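Comments concern the structure below.
The values are calculated or read from the model by the stated rules, or taken from the named source; none is laboratory data. Quick caveat, the model's predicted, so the values are computed rather than measured. Glycine also receives a Cβ, built like all others from the backbone with ideal geometry; neighbour counts cover every protein chain displayed. All accessible areas refer to the heavy atoms of the entire protein, side chains included, with ligands and DNA or RNA removed. Shrake-Rupley method; radii C 1.70, N 1.55, O 1.52, S 1.80 Å.
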Amino acid sequence: MFENRNQGGKTMNPINRRKEMLKNADQKLMWPAIIFVFVVMILSAMFPEKLNTITGAGSSFITHELGILIDSVAVGCVAVLIWLAFGKYGNVRFGGEDAKPEFSFASFAFMMFTAGVGAGLVYWAIGEPIYYMLWPPYGVEPLSAEASTWAITYSTYHWNITGWAIFLLPAIPYGYYMHNRKKSNLRLSAVCAEVIGKKHEKSWLGYMINVFAIFGTLGAFSTSMGLSAELLGAGLQKVFGIVPTTGVKVTIVASFIIFYIVVMTLGLKKGISKLADICVYVSVAMIIFILVVGPTSFIINYICDSTGMILDNFFRMSFYTDPVHKTNFPQDWTIFYWAWYFAYLVMMGLFIAKVSKGRTIRQVILTCVVGSSLGCMLFMGVLGGYTVDGILTGSLPIIEWFHEKGLSAAVIEVISSVPGGSILLIIFLISVYFLITTTMSSATYAVSLMTTKKLEKDGDPALAIRITWCIAVGAISMVALLMGGAINTIKSMAIISAPP
(Lines give C-alpha, C1' and ligand atoms only; values in the text may rest on other atoms or scores of the structure.)
Protein backbone atom coordinates (compact mmCIF):
# COMPACT_ATOMS: atom_id res chain seq x y z
CA MET A 1 0.00 0.00 0.00
CA PHE A 2 2.97 2.32 0.49
CA GLU A 3 4.45 1.57 -2.90
CA ASN A 4 4.14 3.47 -6.18
CA ARG A 5 5.05 2.39 -9.67
CA ASN A 6 7.29 4.35 -11.98
CA GLN A 7 7.18 4.22 -15.76
CA GLY A 8 9.38 1.17 -15.90
CA GLY A 9 7.06 -0.83 -13.68
CA LYS A 10 9.46 -0.88 -10.73
CA THR A 11 8.24 -0.05 -7.27
CA MET A 12 9.64 2.65 -5.02
CA ASN A 13 8.67 4.00 -1.63
CA PRO A 14 7.54 7.64 -1.19
CA ILE A 15 10.97 8.86 0.01
CA ASN A 16 12.77 7.42 -3.01
CA ARG A 17 10.02 8.75 -5.23
CA ARG A 18 10.55 12.30 -3.90
CA LYS A 19 14.29 11.96 -4.50
CA GLU A 20 13.57 10.76 -8.00
CA MET A 21 11.27 13.75 -8.62
CA LEU A 22 13.92 16.21 -7.44
CA LYS A 23 16.42 14.57 -9.82
CA ASN A 24 14.18 15.86 -12.61
CA ALA A 25 15.06 19.41 -11.55
CA ASP A 26 17.62 21.28 -13.64
CA GLN A 27 19.77 21.99 -10.60
CA LYS A 28 22.60 23.49 -12.67
CA LEU A 29 20.18 26.26 -13.55
CA MET A 30 18.02 26.45 -10.43
CA TRP A 31 20.62 26.84 -7.68
CA PRO A 32 22.96 29.31 -9.46
CA ALA A 33 19.97 31.58 -10.16
CA ILE A 34 18.87 31.48 -6.51
CA ILE A 35 22.43 31.95 -5.20
CA PHE A 36 23.00 34.87 -7.57
CA VAL A 37 19.99 36.72 -6.15
CA PHE A 38 21.15 36.12 -2.58
CA VAL A 39 24.66 37.34 -3.47
CA VAL A 40 23.19 40.54 -4.91
CA MET A 41 21.19 41.03 -1.70
CA ILE A 42 24.22 40.49 0.53
CA LEU A 43 26.33 42.89 -1.54
CA SER A 44 23.55 45.49 -1.44
CA ALA A 45 23.47 45.19 2.36
CA MET A 46 27.27 45.45 2.65
CA PHE A 47 27.70 48.23 0.09
CA PRO A 48 24.22 49.78 -0.21
CA GLU A 49 25.15 53.17 -1.63
CA LYS A 50 27.70 51.89 -4.13
CA LEU A 51 25.59 49.04 -5.46
CA ASN A 52 22.45 51.16 -5.59
CA THR A 53 24.38 53.77 -7.56
CA ILE A 54 25.63 51.17 -10.04
CA THR A 55 22.32 49.37 -10.56
CA GLY A 56 20.40 52.65 -10.51
CA ALA A 57 22.65 54.00 -13.26
CA GLY A 58 22.06 50.84 -15.30
CA SER A 59 18.31 51.06 -14.84
CA SER A 60 18.35 54.77 -15.71
CA PHE A 61 20.40 54.07 -18.85
CA ILE A 62 17.82 51.55 -20.02
CA THR A 63 14.77 53.73 -19.37
CA HIS A 64 16.38 56.90 -20.79
CA GLU A 65 18.83 55.83 -23.51
CA LEU A 66 17.00 52.69 -24.66
CA GLY A 67 13.52 54.12 -24.09
CA ILE A 68 12.62 54.49 -27.75
CA LEU A 69 13.74 50.90 -28.40
CA ILE A 70 11.59 49.60 -25.55
CA ASP A 71 8.62 51.68 -26.74
CA SER A 72 9.03 50.41 -30.29
CA VAL A 73 9.27 46.76 -29.29
CA ALA A 74 6.23 47.15 -27.00
CA VAL A 75 4.12 48.53 -29.86
CA GLY A 76 5.61 45.83 -32.09
CA CYS A 77 4.22 43.19 -29.73
CA VAL A 78 0.72 44.63 -30.25
CA ALA A 79 1.19 44.60 -34.04
CA VAL A 80 2.46 41.01 -34.13
CA LEU A 81 -0.43 39.75 -32.00
CA ILE A 82 -3.00 41.50 -34.20
CA TRP A 83 -1.38 39.82 -37.21
CA LEU A 84 -1.40 36.44 -35.48
CA ALA A 85 -4.98 36.73 -34.22
CA PHE A 86 -6.55 37.77 -37.51
CA GLY A 87 -4.13 36.12 -39.95
CA LYS A 88 -3.89 32.58 -41.26
CA TYR A 89 -2.45 31.24 -37.99
CA GLY A 90 -5.34 32.43 -35.83
CA ASN A 91 -7.16 29.09 -36.10
CA VAL A 92 -4.17 26.98 -35.05
CA ARG A 93 -5.20 25.10 -31.93
CA PHE A 94 -2.74 24.36 -29.15
CA GLY A 95 -2.58 20.58 -28.86
CA GLY A 96 -3.92 19.87 -32.34
CA GLU A 97 -7.32 20.07 -34.01
CA ASP A 98 -8.93 17.54 -31.64
CA ALA A 99 -7.51 18.98 -28.41
CA LYS A 100 -10.04 19.87 -25.72
CA PRO A 101 -9.60 22.76 -23.24
CA GLU A 102 -8.48 21.65 -19.77
CA PHE A 103 -10.24 24.55 -18.03
CA SER A 104 -13.56 26.30 -18.37
CA PHE A 105 -13.44 29.59 -20.24
CA ALA A 106 -13.96 31.56 -17.00
CA SER A 107 -11.15 29.77 -15.14
CA PHE A 108 -8.88 30.12 -18.18
CA ALA A 109 -9.47 33.89 -18.35
CA PHE A 110 -9.29 34.37 -14.57
CA MET A 111 -5.95 32.57 -14.26
CA MET A 112 -4.35 34.76 -16.92
CA PHE A 113 -5.79 37.91 -15.35
CA THR A 114 -4.76 37.18 -11.76
CA ALA A 115 -1.30 35.92 -12.78
CA GLY A 116 -0.61 39.18 -14.58
CA VAL A 117 -2.01 41.82 -12.25
CA GLY A 118 -1.63 40.66 -8.64
CA ALA A 119 -2.09 43.09 -5.79
CA GLY A 120 -0.43 45.78 -7.88
CA LEU A 121 -3.68 46.42 -9.77
CA VAL A 122 -5.73 47.52 -6.76
CA TYR A 123 -2.72 49.35 -5.29
CA TRP A 124 -1.87 51.39 -8.37
CA ALA A 125 -5.49 51.92 -9.41
CA ILE A 126 -5.51 54.41 -6.52
CA GLY A 127 -1.80 55.23 -6.41
CA GLU A 128 -1.19 56.18 -10.05
CA PRO A 129 -3.96 58.82 -10.28
CA ILE A 130 -2.57 60.46 -7.12
CA TYR A 131 0.90 60.67 -8.66
CA TYR A 132 -0.40 61.87 -12.02
CA MET A 133 -2.53 64.57 -10.41
CA LEU A 134 0.57 65.90 -8.66
CA TRP A 135 3.10 65.29 -11.45
CA PRO A 136 1.14 65.12 -14.73
CA PRO A 137 2.61 64.56 -18.23
CA TYR A 138 3.00 67.05 -21.11
CA GLY A 139 3.76 69.99 -18.81
CA VAL A 140 0.17 70.12 -17.57
CA GLU A 141 -0.55 72.12 -14.41
CA PRO A 142 -0.71 69.87 -11.31
CA LEU A 143 -4.13 69.26 -9.71
CA SER A 144 -5.88 70.89 -12.69
CA ALA A 145 -8.87 69.58 -14.63
CA GLU A 146 -6.54 68.63 -17.50
CA ALA A 147 -4.29 66.77 -15.09
CA SER A 148 -7.30 64.77 -13.89
CA THR A 149 -8.09 63.80 -17.49
CA TRP A 150 -4.61 62.43 -18.08
CA ALA A 151 -4.53 60.82 -14.60
CA ILE A 152 -7.09 58.12 -15.34
CA THR A 153 -6.04 57.88 -19.00
CA TYR A 154 -2.43 57.01 -18.22
CA SER A 155 -3.42 54.76 -15.30
CA THR A 156 -5.59 52.71 -17.65
CA TYR A 157 -3.08 52.84 -20.51
CA HIS A 158 -0.27 51.34 -18.42
CA TRP A 159 -2.45 48.33 -17.54
CA ASN A 160 -4.04 47.91 -20.95
CA ILE A 161 -3.41 46.36 -24.35
CA THR A 162 0.33 47.05 -24.68
CA GLY A 163 1.28 45.49 -21.33
CA TRP A 164 -0.81 42.38 -21.97
CA ALA A 165 0.65 42.08 -25.48
CA ILE A 166 4.15 42.00 -23.96
CA PHE A 167 3.05 39.30 -21.53
CA LEU A 168 1.33 37.24 -24.20
CA LEU A 169 3.79 37.33 -27.09
CA PRO A 170 6.07 34.52 -25.79
CA ALA A 171 3.01 32.42 -24.91
CA ILE A 172 2.39 31.72 -28.60
CA PRO A 173 5.73 30.03 -29.40
CA TYR A 174 5.78 28.42 -25.95
CA GLY A 175 2.27 27.02 -26.45
CA TYR A 176 3.05 25.65 -29.91
CA TYR A 177 6.36 24.21 -28.70
CA MET A 178 4.74 22.59 -25.66
CA HIS A 179 1.39 21.35 -26.98
CA ASN A 180 1.89 20.86 -30.72
CA ARG A 181 5.51 19.80 -30.93
CA LYS A 182 5.08 17.85 -27.68
CA LYS A 183 8.37 19.09 -26.20
CA SER A 184 8.99 18.37 -22.53
CA ASN A 185 12.00 20.67 -21.91
CA LEU A 186 10.61 24.15 -21.27
CA ARG A 187 13.81 26.12 -20.78
CA LEU A 188 13.70 29.36 -22.76
CA SER A 189 16.93 28.43 -24.55
CA ALA A 190 15.23 25.31 -25.92
CA VAL A 191 12.37 27.38 -27.34
CA CYS A 192 14.93 29.80 -28.86
CA ALA A 193 16.97 26.98 -30.41
CA GLU A 194 15.55 27.64 -33.89
CA VAL A 195 16.91 31.20 -33.67
CA ILE A 196 20.19 30.86 -31.78
CA GLY A 197 21.04 27.47 -33.30
CA LYS A 198 20.92 24.00 -31.79
CA LYS A 199 24.60 24.07 -30.87
CA HIS A 200 24.11 27.22 -28.76
CA GLU A 201 21.08 25.91 -26.90
CA LYS A 202 23.25 24.23 -24.25
CA SER A 203 26.21 26.59 -24.54
CA TRP A 204 26.96 29.62 -22.36
CA LEU A 205 24.57 31.67 -24.54
CA GLY A 206 21.66 29.36 -23.84
CA TYR A 207 22.58 29.22 -20.17
CA MET A 208 22.61 33.01 -19.88
CA ILE A 209 19.24 33.24 -21.63
CA ASN A 210 17.78 30.93 -18.99
CA VAL A 211 19.45 32.76 -16.09
CA PHE A 212 18.16 36.14 -17.28
CA ALA A 213 14.66 34.69 -17.64
CA ILE A 214 14.66 33.37 -14.08
CA PHE A 215 16.41 36.38 -12.56
CA GLY A 216 13.90 38.82 -14.03
CA THR A 217 11.08 36.78 -12.55
CA LEU A 218 12.76 36.54 -9.14
CA GLY A 219 13.36 40.30 -9.12
CA ALA A 220 9.70 40.95 -9.81
CA PHE A 221 8.82 38.41 -7.09
CA SER A 222 10.69 40.08 -4.28
CA THR A 223 9.55 43.63 -5.00
CA SER A 224 5.91 42.59 -5.48
CA MET A 225 5.98 40.76 -2.16
CA GLY A 226 7.51 43.79 -0.44
CA LEU A 227 4.81 46.07 -1.88
CA SER A 228 2.03 43.74 -0.73
CA ALA A 229 3.49 43.38 2.77
CA GLU A 230 3.63 47.17 3.09
CA LEU A 231 0.03 47.58 1.91
CA LEU A 232 -1.32 44.83 4.18
CA GLY A 233 0.69 46.23 7.09
CA ALA A 234 -0.97 49.64 6.61
CA GLY A 235 -4.35 47.91 6.46
CA LEU A 236 -3.78 45.98 9.68
CA GLN A 237 -2.84 49.22 11.43
CA LYS A 238 -6.05 50.86 10.24
CA VAL A 239 -8.31 47.94 11.20
CA PHE A 240 -6.67 46.54 14.32
CA GLY A 241 -4.21 49.24 15.37
CA ILE A 242 -1.24 46.92 14.80
CA VAL A 243 1.87 48.96 14.04
CA PRO A 244 3.44 47.59 10.80
CA THR A 245 6.89 46.89 12.20
CA THR A 246 9.44 44.80 10.35
CA GLY A 247 8.35 41.81 12.46
CA VAL A 248 4.74 42.25 11.36
CA LYS A 249 5.76 42.47 7.69
CA VAL A 250 7.95 39.37 8.06
CA THR A 251 4.95 37.54 9.55
CA ILE A 252 2.84 38.60 6.58
CA VAL A 253 5.44 37.30 4.12
CA ALA A 254 5.75 34.05 6.12
CA SER A 255 1.98 33.56 5.88
CA PHE A 256 2.23 34.10 2.11
CA ILE A 257 4.86 31.37 1.90
CA ILE A 258 2.77 28.87 3.85
CA PHE A 259 -0.37 29.68 1.89
CA TYR A 260 1.12 29.34 -1.56
CA ILE A 261 2.97 26.17 -0.58
CA VAL A 262 -0.51 24.75 0.08
CA VAL A 263 -1.76 26.11 -3.24
CA MET A 264 1.25 24.73 -5.11
CA THR A 265 0.82 21.35 -3.43
CA LEU A 266 -2.74 21.19 -4.75
CA GLY A 267 -1.41 21.89 -8.24
CA LEU A 268 -2.71 23.85 -11.21
CA LYS A 269 -6.25 22.51 -11.48
CA LYS A 270 -7.17 22.16 -7.81
CA GLY A 271 -5.04 25.00 -6.42
CA ILE A 272 -4.19 27.93 -8.69
CA SER A 273 -7.34 27.63 -10.83
CA LYS A 274 -9.73 27.61 -7.85
CA LEU A 275 -7.91 30.44 -6.09
CA ALA A 276 -8.02 32.57 -9.26
CA ASP A 277 -11.80 32.08 -9.45
CA ILE A 278 -12.24 33.21 -5.84
CA CYS A 279 -9.96 36.23 -6.36
CA VAL A 280 -11.87 37.53 -9.35
CA TYR A 281 -15.34 37.02 -7.84
CA VAL A 282 -14.41 38.76 -4.58
CA SER A 283 -12.55 41.61 -6.29
CA VAL A 284 -15.25 42.28 -8.89
CA ALA A 285 -17.96 42.26 -6.19
CA MET A 286 -15.93 44.86 -4.28
CA ILE A 287 -15.49 47.03 -7.38
CA ILE A 288 -19.19 46.91 -8.25
CA PHE A 289 -20.08 47.89 -4.68
CA ILE A 290 -17.77 50.93 -4.86
CA LEU A 291 -19.27 51.87 -8.24
CA VAL A 292 -22.81 51.73 -6.84
CA VAL A 293 -22.23 53.60 -3.55
CA GLY A 294 -19.65 56.02 -4.95
CA PRO A 295 -20.05 58.84 -7.50
CA THR A 296 -21.53 56.44 -10.08
CA SER A 297 -22.27 58.90 -12.88
CA PHE A 298 -18.85 60.55 -12.62
CA ILE A 299 -17.03 57.20 -12.65
CA ILE A 300 -18.94 55.87 -15.69
CA ASN A 301 -18.40 59.07 -17.66
CA TYR A 302 -14.78 59.16 -16.54
CA ILE A 303 -14.19 55.64 -17.87
CA CYS A 304 -15.80 56.53 -21.21
CA ASP A 305 -13.76 59.71 -21.50
CA SER A 306 -10.48 57.95 -20.70
CA THR A 307 -11.27 55.26 -23.29
CA GLY A 308 -11.69 57.96 -25.93
CA MET A 309 -8.46 59.65 -24.80
CA ILE A 310 -6.52 56.38 -25.17
CA LEU A 311 -7.98 55.68 -28.63
CA ASP A 312 -7.25 59.23 -29.74
CA ASN A 313 -3.72 59.41 -28.28
CA PHE A 314 -2.51 55.80 -28.38
CA PHE A 315 0.47 56.41 -30.66
CA ARG A 316 1.38 59.70 -28.99
CA MET A 317 1.43 57.98 -25.59
CA SER A 318 3.26 54.97 -27.03
CA PHE A 319 6.18 57.02 -28.37
CA TYR A 320 6.19 59.89 -25.86
CA THR A 321 9.77 60.50 -24.65
CA ASP A 322 9.41 64.16 -23.55
CA PRO A 323 12.61 65.58 -25.09
CA VAL A 324 11.43 69.20 -24.60
CA HIS A 325 9.93 69.51 -21.12
CA LYS A 326 12.28 66.81 -19.75
CA THR A 327 9.94 65.93 -16.89
CA ASN A 328 11.10 62.27 -17.03
CA PHE A 329 7.44 61.24 -16.89
CA PRO A 330 7.65 58.66 -19.73
CA GLN A 331 10.96 57.30 -18.45
CA ASP A 332 9.80 56.98 -14.84
CA TRP A 333 6.40 55.51 -15.74
CA THR A 334 5.63 54.25 -19.24
CA ILE A 335 9.08 52.99 -20.25
CA PHE A 336 9.66 51.66 -16.74
CA TYR A 337 6.36 49.75 -16.93
CA TRP A 338 7.24 48.20 -20.29
CA ALA A 339 10.69 47.19 -19.02
CA TRP A 340 9.05 45.66 -15.95
CA TYR A 341 6.66 43.69 -18.15
CA PHE A 342 9.60 42.48 -20.25
CA ALA A 343 11.34 41.24 -17.09
CA TYR A 344 8.23 39.24 -16.25
CA LEU A 345 7.23 38.11 -19.75
CA VAL A 346 8.94 34.70 -19.80
CA MET A 347 7.14 33.62 -16.65
CA MET A 348 3.81 34.96 -17.93
CA GLY A 349 4.28 33.52 -21.40
CA LEU A 350 5.06 30.07 -20.06
CA PHE A 351 2.16 30.10 -17.58
CA ILE A 352 -0.35 31.29 -20.20
CA ALA A 353 0.92 28.66 -22.64
CA LYS A 354 0.48 25.93 -20.03
CA VAL A 355 -3.19 26.75 -19.38
CA SER A 356 -4.05 27.36 -23.06
CA LYS A 357 -4.20 23.79 -24.35
CA GLY A 358 -7.28 23.28 -26.50
CA ARG A 359 -7.60 26.98 -27.35
CA THR A 360 -6.82 28.54 -30.72
CA ILE A 361 -4.22 31.27 -31.06
CA ARG A 362 -7.02 33.73 -31.78
CA GLN A 363 -8.93 32.72 -28.65
CA VAL A 364 -5.85 33.04 -26.46
CA ILE A 365 -4.93 36.47 -27.83
CA LEU A 366 -8.42 37.97 -27.65
CA THR A 367 -9.12 36.54 -24.19
CA CYS A 368 -5.83 37.72 -22.75
CA VAL A 369 -5.30 41.07 -24.47
CA VAL A 370 -8.90 42.24 -24.83
CA GLY A 371 -10.50 40.51 -21.83
CA SER A 372 -7.73 41.30 -19.36
CA SER A 373 -7.51 44.90 -20.61
CA LEU A 374 -11.24 45.37 -20.01
CA GLY A 375 -10.84 43.91 -16.52
CA CYS A 376 -8.03 46.34 -15.73
CA MET A 377 -10.08 49.19 -17.18
CA LEU A 378 -12.90 48.36 -14.76
CA PHE A 379 -10.58 48.35 -11.73
CA MET A 380 -8.67 51.46 -12.80
CA GLY A 381 -11.81 53.33 -13.79
CA VAL A 382 -13.76 52.66 -10.59
CA LEU A 383 -10.97 52.95 -8.01
CA GLY A 384 -9.18 55.70 -9.91
CA GLY A 385 -12.42 57.55 -10.60
CA TYR A 386 -13.41 57.45 -6.94
CA THR A 387 -9.95 58.77 -5.99
CA VAL A 388 -9.88 61.62 -8.51
CA ASP A 389 -13.44 62.65 -7.59
CA GLY A 390 -12.34 62.91 -3.96
CA ILE A 391 -9.40 65.14 -4.99
CA LEU A 392 -11.37 67.39 -7.37
CA THR A 393 -14.36 67.93 -5.08
CA GLY A 394 -12.23 68.20 -1.95
CA SER A 395 -14.45 65.63 -0.23
CA LEU A 396 -11.40 63.57 0.73
CA PRO A 397 -8.00 64.91 1.90
CA ILE A 398 -6.21 62.39 -0.31
CA ILE A 399 -3.22 64.60 -1.14
CA GLU A 400 -2.68 65.27 2.59
CA TRP A 401 -2.88 61.55 3.34
CA PHE A 402 -0.29 60.91 0.64
CA HIS A 403 2.17 63.54 1.84
CA GLU A 404 1.77 62.80 5.56
CA LYS A 405 1.40 59.00 5.64
CA GLY A 406 2.79 57.70 2.35
CA LEU A 407 1.10 55.99 -0.58
CA SER A 408 0.21 52.67 1.09
CA ALA A 409 -1.55 54.43 3.97
CA ALA A 410 -3.29 56.78 1.51
CA VAL A 411 -4.62 53.76 -0.43
CA ILE A 412 -6.00 52.29 2.79
CA GLU A 413 -7.59 55.62 3.76
CA VAL A 414 -9.30 55.91 0.37
CA ILE A 415 -10.84 52.45 0.71
CA SER A 416 -11.89 53.23 4.30
CA SER A 417 -13.70 56.36 3.14
CA VAL A 418 -16.19 54.37 1.03
CA PRO A 419 -19.59 53.89 2.75
CA GLY A 420 -19.33 50.71 4.79
CA GLY A 421 -15.59 51.27 4.79
CA SER A 422 -14.71 49.07 7.77
CA ILE A 423 -16.20 45.94 6.26
CA LEU A 424 -15.07 46.90 2.77
CA LEU A 425 -11.49 47.41 3.98
CA ILE A 426 -11.40 43.87 5.38
CA ILE A 427 -12.70 42.53 2.06
CA PHE A 428 -10.11 44.68 0.27
CA LEU A 429 -7.27 43.25 2.37
CA ILE A 430 -8.50 39.69 1.76
CA SER A 431 -8.65 40.46 -1.97
CA VAL A 432 -5.09 41.84 -1.92
CA TYR A 433 -3.89 38.76 -0.02
CA PHE A 434 -5.50 36.35 -2.47
CA LEU A 435 -4.33 38.30 -5.50
CA ILE A 436 -0.67 38.32 -4.49
CA THR A 437 -0.86 34.65 -3.53
CA THR A 438 -2.33 33.77 -6.93
CA THR A 439 0.34 35.76 -8.75
CA MET A 440 3.17 34.28 -6.69
CA SER A 441 1.78 30.76 -7.13
CA SER A 442 1.49 31.25 -10.90
CA ALA A 443 5.01 32.66 -11.14
CA THR A 444 6.48 29.91 -8.94
CA TYR A 445 4.70 27.32 -11.06
CA ALA A 446 6.18 28.85 -14.23
CA VAL A 447 9.72 28.89 -12.80
CA SER A 448 9.22 25.26 -11.78
CA LEU A 449 8.35 24.46 -15.39
CA MET A 450 11.50 26.25 -16.60
CA THR A 451 13.72 24.24 -14.27
CA THR A 452 12.18 20.83 -14.98
CA LYS A 453 14.33 18.66 -17.21
CA LYS A 454 11.47 16.68 -18.67
CA LEU A 455 7.79 17.41 -18.06
CA GLU A 456 5.33 14.56 -18.28
CA LYS A 457 2.58 15.02 -20.85
CA ASP A 458 -0.09 17.42 -19.46
CA GLY A 459 1.49 17.01 -16.02
CA ASP A 460 2.61 19.42 -13.32
CA PRO A 461 6.27 19.89 -12.40
CA ALA A 462 7.31 17.49 -9.65
CA LEU A 463 6.00 18.50 -6.23
CA ALA A 464 9.55 18.52 -4.84
CA ILE A 465 10.54 21.13 -7.45
CA ARG A 466 7.47 23.25 -6.78
CA ILE A 467 8.02 23.22 -3.01
CA THR A 468 11.73 24.01 -3.44
CA TRP A 469 10.85 27.09 -5.47
CA CYS A 470 8.16 28.13 -2.98
CA ILE A 471 10.72 28.10 -0.18
CA ALA A 472 13.40 29.78 -2.32
CA VAL A 473 11.10 32.57 -3.50
CA GLY A 474 9.81 33.06 0.04
CA ALA A 475 13.35 33.24 1.42
CA ILE A 476 14.39 35.75 -1.25
CA SER A 477 11.37 37.93 -0.49
CA MET A 478 12.02 37.69 3.24
CA VAL A 479 15.69 38.62 2.95
CA ALA A 480 14.87 41.51 0.60
CA LEU A 481 12.32 42.80 3.12
CA LEU A 482 14.77 42.58 6.01
CA MET A 483 17.58 44.24 4.06
CA GLY A 484 15.41 47.13 2.95
CA GLY A 485 17.66 48.67 0.32
CA ALA A 486 18.10 45.31 -1.38
CA ILE A 487 14.60 45.64 -2.83
CA ASN A 488 15.61 48.74 -4.79
CA THR A 489 18.78 47.05 -6.02
CA ILE A 490 16.94 43.93 -7.19
CA LYS A 491 14.22 46.10 -8.73
CA SER A 492 16.88 47.92 -10.77
CA MET A 493 18.55 44.64 -11.77
CA ALA A 494 15.21 43.21 -12.86
CA ILE A 495 14.89 46.19 -15.21
CA ILE A 496 18.45 45.64 -16.42
CA SER A 497 17.55 42.04 -17.24
CA ALA A 498 14.61 43.17 -19.40
CA PRO A 499 16.38 44.18 -22.67
CA PRO A 500 18.21 40.82 -23.10
> How many residues are buried (at least 22 other Cβ atoms within 10 Å of the Cβ) and closer than 14 Å to Cys77 by Cα when one looks only at region 311-344?
Replying inline: 4
> Between residues in region 347-358 that are in contact (Cβ under 8 Å) with a residue 40 or more places away in the chain and farther than 14 Å from Met440 by Cα and residues that are crowded, with 24+ Cβ neighbours inside 10 Å and β-branched (Val, Ile, Thr), which pairs lie under 6 Å by C-beta distance while being six or more apart or on different chains?
Replying inline: Ser356/Val364
> With respect to Ile272, is the statement that it is open to solvent by less than 40 Å² (accessible area, probe 1.4 Å), in contact (Cβ under 8 Å) with a residue 12 or more places away in the chain and more than 30 Å from Cys192 (Cβ to Cβ) true?
Replying inline: no
> Which of the residues spanning region 166-197 are small (Gly, Ala, Ser) and buried (at least 24 other Cβ atoms within 10 Å of the Cβ)?
Replying inline: Ala171, Gly175
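Could you check how many residues of region 359-382 are under 17 Å from Thr153 (Cβ atoms), touching a residue at least 12 places away in the same chain (Cβ under 8 Å) and open to solvent by 40 Å² or more (accessible area, probe 1.4 Å)? Spell out the reasoning first.
Keep residues of region 359-382 that are under 17 Å from Thr153 (Cβ atoms), which gives 373-374, 376-382.
Those still in the list that are touching a residue at least 12 places away in the same chain (Cβ under 8 Å) too: 373, 376-382.
Going one step further and asking which of them are open to solvent by 40 Å² or more (accessible area, probe 1.4 Å), we end up with 378.
So the answer is 1.
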> Which of the residues that make up region 117-141 are closer than 17 Å to Asp332 by Cα and open to solvent by 10 Å² or more (accessible area, probe 1.4 Å)?
Replying inline: Gly120, Trp124, Tyr131, Leu134, Trp135, Pro136, Tyr138, Gly139, Val140
> Do any helices (runs of 4 or more DSSP H) lying entirely in region 343-459 carry at least 2 residues that are closer than 30 Å to Cys470 by Cβ and under 21 Å from the mean Cα position of the chain (by Cα), and which ones are they?
Replying inline: 372-393, 407-416, 421-450
>> What pairs come out if I take residues in region 225-248 that are open to solvent by 50 Å² or more (accessible area, probe 1.4 Å) and pair them with residues that are among the hydroxyl-bearing types (Ser, Thr, Tyr) whose C-beta lies under 7 Å away, six or more apart or interchain?
In response: Glu230/Ser408; Lys238/Ser416
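So that you can scan it fast, the table gives a plain yes or no per residue for (1) more than 19 Å from the chain's Cα centre (by Cα); (2) aliphatic (A, V, I, L, M); (3) under 23 Å from Met41 (Cα atoms):
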site: His200; (1), (2), (3): yes, no, no
site: Ile242; (1), (2), (3): yes, yes, no
site: Thr246; (1), (2), (3): yes, no, yes
site: Phe259; (1), (2), (3): no, no, no
> If you check Ile288, Ile257, Ile261, which single one turns out to be over 17 Å from Leu435 (Cα atoms) and part of a helix (DSSP H, G or I)?
Replying inline: Ile288
> Can you tell which of Ile310, Ile258 is at pLDDT 95 or above and of a type in the set (A, V, I, L, M)?
Replying inline: Ile310
> All but one of (1) among the polar types (S, T, N, Q); (2) surrounded by 24 or more Cβ atoms within 10 Å (Cβ to Cβ); (3) at pLDDT below 90 hold for Thr153; which doesn't?
Replying inline: (3)
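Suppose the filter is out of contact with any His (no Cβ under 6 Å at 6 or more places or on another chain), over 22 Å from Cys304 (Cα atoms), of a type in the set (S, T, N, Q) and modelled with pLDDT of 90 or more; does Asn160 pass it?
No: the conditions fail for Asn160.
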> Among the residues of region 293-303 satisfying the criterion of being over 24 Å from the mean Cα position of the chain (by Cα) and either modelled with pLDDT under 95 or open to solvent by less than 70 Å² (accessible area, probe 1.4 Å) (or both), which is farthest from Ile152 (Cα to Cα)?
Replying inline: Val293
>> I'd like to check which helices (runs of 4 or more DSSP H) are fully inside region 25-116 and have at least 1 residues that are at negative phi, open to solvent by less than 80 Å² (accessible area, probe 1.4 Å) and modelled with pLDDT of 95 or more.
In response: 67-86
